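Reviewing the structure listed below.
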Amino acid sequence: MSVSYKRLWKLLIDKDMKKKDLAAAANISTYTVNKLNRGENVNTDTLVSICSALDCTFDDIMELLPDRQPEQSEEGTID
């Protein structure tokens with residue numbers, strides 16, 4: 001599974017906040033914001049800080065995406 005933070009970026013737009021505003025409000029580094037922007041893993045403490053700063057829940061800022069399954073060809077082999 002992978003994680004998408006698209007909901008976080010949408011929430012920032014709705015709240016008229018920039019990423020640097022998020023970093024200041026949640027007391028996280030710009031490096032961590034960049035990790036979020038790239039969809040990389042971050043510490044759950046970081047996610048809690050973000051949710052506290054934005055008054056939201058995990059579901060409001062992220063979603064789990066299933067891994068893509070390789071498609072099978074007509075012969076039944078995996079491409």
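The values are calculated or read from the model by the stated rules, or taken from the named source; none is laboratory data. Small disclaimer: the values here were computed from a predicted structure and weren't measured. FYI the Cβ positions are ideal-geometry reconstructions off the backbone, even for glycines, and counts take in every protein chain you see.
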Considering every residue within the range 45-58, establish whether at least one is surrounded by fewer than 12 Cβ atoms within 10 Å (Cβ to Cβ) and either aromatic (Phe, Trp, Tyr) or modelled with pLDDT under 95 (or both).
-> no
By residue number, the members of the range 44-61 that are part of a helix (DSSP H, G or I) and either acidic (Asp, Glu) or in contact with a His (Cβ under 7 Å, 6 or more places away or on another chain) (or both) are Asp45, Asp59, Asp60
Expected single match for at pLDDT 95 or above, closer than 17 Å to Phe58 by Cβ and of a type outside the set (S, T, N, Q) among Lys10, Lys20 is Lys10
Looking only at the range 7-43, which residues are of a type in the set (Lys, Arg), over 11 Å from the mean Cα position of the chain (by Cα) and not in a helix (DSSP H, G or I)?
-> Lys15, Lys18
Does Ile28 meet the test of being crowded, with 17+ Cβ neighbours inside 10 Å and not hydroxyl-bearing (Ser, Thr, Tyr)?
-> yes
Only residues in the range 50-67 that are of a type in the set (S, T, N, Q) count as the first member; pair them with residues that are at pLDDT 95 or above, Cβ under 8 angstrom, at least 6 apart or cross-chain, and list the lot.
-> Ser52/Ala26; Thr57/Cys51
